[in-house]
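The values are calculated or read from the model by the stated rules, or taken from the named source; none is laboratory data. In this text, all values refer to a predicted model and were calculated from it rather than measured experimentally. Cβ coordinates were reconstructed from backbone atoms using ideal geometry, including for glycine residues, and neighbour counts include every protein chain displayed. Surface accessibility is based on the protein's heavy atoms, side chains included, excluding ligands, DNA and RNA. Shrake-Rupley method; radii C 1.70, N 1.55, O 1.52, S 1.80 Å.
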Amino acid sequence: MSEVTQKTNILGFSQAQMEDFFATMGEPKFRATQVLKWIHQFGAEDFESMTNVSKKLREKLQDVAEIVEPEVLFQGDSKDGTRKWVIGVSGDNKVEMVLIPDGDRATLCVSSQVGCALDCSFCSTGKQGFNRNLDAAEIIGQVRIAIKSFGPVDPKGPRRVTNVVLMGMGEPLLNFDNVTPAISLMMDDNAYNLSKRRVTLSTAGVVPAIDRLSQVTDVSLAISLHAPNDQLRDELVPVNKKYNIDALLDACNRYLDGLSDKRVITMEYTMISGVNDQIEHARELAKVLKKVPCKLNLIPFNPFPGSDYRRSPRQQIEAFQRVMAKAGVVTTIRATRGDDIDAACGQLVGQVQDRTRRSAKYVNRIAANEV
Ligand code: SAH
């Protein structure tokens, strides 16, 4: 019989949560800082190694707490240097994450949910259905795993992960309570110490959660727009039926207004041949994007089995980009990376034991404010 553990996994605790945890043990705040540094800056696996913590406290911690990260089931490198992991999480589920090196940058794309309930028509994760939210330890654990994959952690050595994007599996704003402590750790001086410009949360547009987000963090924001009008967006990103483009852009402006520095929203736009990639779409999009300070990132559609969509030809993507640039919108084309190991955008499928049967049902519950 396997032993049932009562220990608290403190891997996902933000600074504030760690301070609360130590307070309940009658310990001062600085203990929280010490332990955070051990876990996230030195990659400590256990309390024994935390040499500036008294032996008595270390023993106490061993009794009540643990540091458990999700299990790596697979790690593979693409020809272009992209590294992909398959991570096992309870319930026979798997999620995926990808590290994309580019010059002196290395961007880690992490997952926030097992599957996704939003069912965007061009995304393979959505087609898998939804099982559950990842907890904060499973989200921040992905960052720790990626850094540790380069060997022993050296806080003085080169940064192994310079940027994090929540663009893997799942809709981060439908897992608010686990995603926010994890991003706070990504940006915390005592943990991963990434600047707010280097941590990006990507959302399909859960408007009330964007407003909530601005109350607790100043992370950078990316929006999966994908269409210049509601009619087309309703089809591609069904959550648009609940929160339309105007409501979404208003929320973006409120978010930017709440920041202490001048930043822009990253608008993501997957280029699907004959669907949203025509010159008329570009002209319409240019008008829409005047409403919010932003830059545009065009993502060539990545095909997956069972999808009828095709990637826009390169020429079409470049023509689209020219229209946008002429209209004054800074527009980049995302390089397709890691597709030889199915690590490109929208190819992260993992293994999801769908519990919604039809994830569309879940979208209806969102629409009815039940979620
Ligand atoms: N749920 C969040 C984050 C996950 S998706 C969101 O919607 O933003 C990360 C990005 O990859 C999104 O912009 C998404 O629209 C895009 N994407 C999904 N499937 C894709 C595919 N097959 N090809 C290219 N991009 C895709």
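Observations on the structure shown:
- Residues of the stretch 204-219 classified as closer than 30 Å to Gly43 by Cβ and within 16 Å of the ligand (Cβ to nearest atom), total: 2
- Of all residues in the stretch 274-303 being open to solvent by less than 30 Å² (accessible area, probe 1.4 Å) and in a loop (DSSP other than H, G, I, E, B), the one that is modelled with the lowest pLDDT: Asn302
- Residue in the stretch 306-315 that is within 15 Å of the ligand (Cβ to nearest atom), open to solvent by less than 50 Å² (accessible area, probe 1.4 Å) and more than 18 Å from Ile245 (Cα to Cα) present: yes
- Residue among Val35, Val98, Val110 that is of a type in the set (Val, Ile, Thr) and not assigned by TED's automatic domain parsing to the domain that holds Lys241: Val35
- Output for the stretch 316-344, where each listed residue is open to solvent by less than 50 Å² (accessible area, probe 1.4 Å), hydroxyl-bearing (Ser, Thr, Tyr) and at pLDDT 95 or above: Thr331
- Some residue of the stretch 303-310 being under 23 Å from the mean Cα position of the chain (by Cα) and in contact (Cβ under 8 Å) with a residue 24 or more places away in the chain: yes
- Any hit, the stretch 155-171, residues being open to solvent by less than 40 Å² (accessible area, probe 1.4 Å), away from the ligand (no atom under 16 Å from the Cβ) and touching a strand residue (DSSP E or B) at 6+ places or on another chain (Cβ under 7 Å): yes
- Selection within the stretch 245-273 - without any contact (Cβ under 8 Å) to a residue 60 or more places away in the chain, of a type in the set (Ser, Thr, Tyr) and either within 16 Å of the ligand (Cβ to nearest atom) or open to solvent by less than 30 Å² (accessible area, probe 1.4 Å) (or both): Tyr255, Tyr269, Ser273
- Test set (1) buried (at least 16 other Cβ atoms within 10 Å of the Cβ); (2) under 20 Å from the mean Cα position of the chain (by Cα); (3) over 30 Å from Arg31 (Cβ atoms) - Phe74 fails condition number: (1)
- Residues satisfying the stated conditions in the stretch 112-137, i.e. polar (S, T, N, Q) and in contact with a Pro (Cβ under 9 Å, 6 or more places away or on another chain): Ser112, Gln113, Ser121, Ser124
- Considering residues of the stretch 319-341 that are of a type outside the set (A, V, I, L, M, F, W, C) and assigned to a helix (DSSP H, G or I) only, the residue farthest from the chain's Cα centre (by Cα): Lys326
- Any hit, the stretch 133-144, residues being charged (D, E, K, R), within 28 Å of Tyr309 (Cβ to Cβ) and either open to solvent by less than 20 Å² (accessible area, probe 1.4 Å) or touching a Ser or Thr at 6+ places or on another chain (Cβ under 8 Å) (or both): no
- Of the residues making up the stretch 78-132, those that are among the aliphatic types (A, V, I, L, M), open to solvent by less than 20 Å² (accessible area, probe 1.4 Å) and within 15 Å of the ligand (Cβ to nearest atom) number 8.
Here is a yes/no grid of residues against (1) open to solvent by 50 Å² or more (accessible area, probe 1.4 Å); (2) touching a residue at least 60 places away in the same chain (Cβ under 8 Å); (3) more than 15 Å from the ligand (Cβ to nearest atom); (4) under 30 Å from Gln41 (Cβ atoms):
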site	(1), (2), (3), (4)
Asn178	no, yes, no, yes
Leu201	no, no, no, yes
Leu221	no, no, no, yes
Tyr243	no, no, no, no
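- Unmet requirement for Asp211, which otherwise passes all of (1) more than 13 Å from the chain's Cα centre (by Cα); (2) under 30 Å from Gln353 (Cα atoms); (3) surrounded by fewer than 20 Cβ atoms within 10 Å (Cβ to Cβ): (2)
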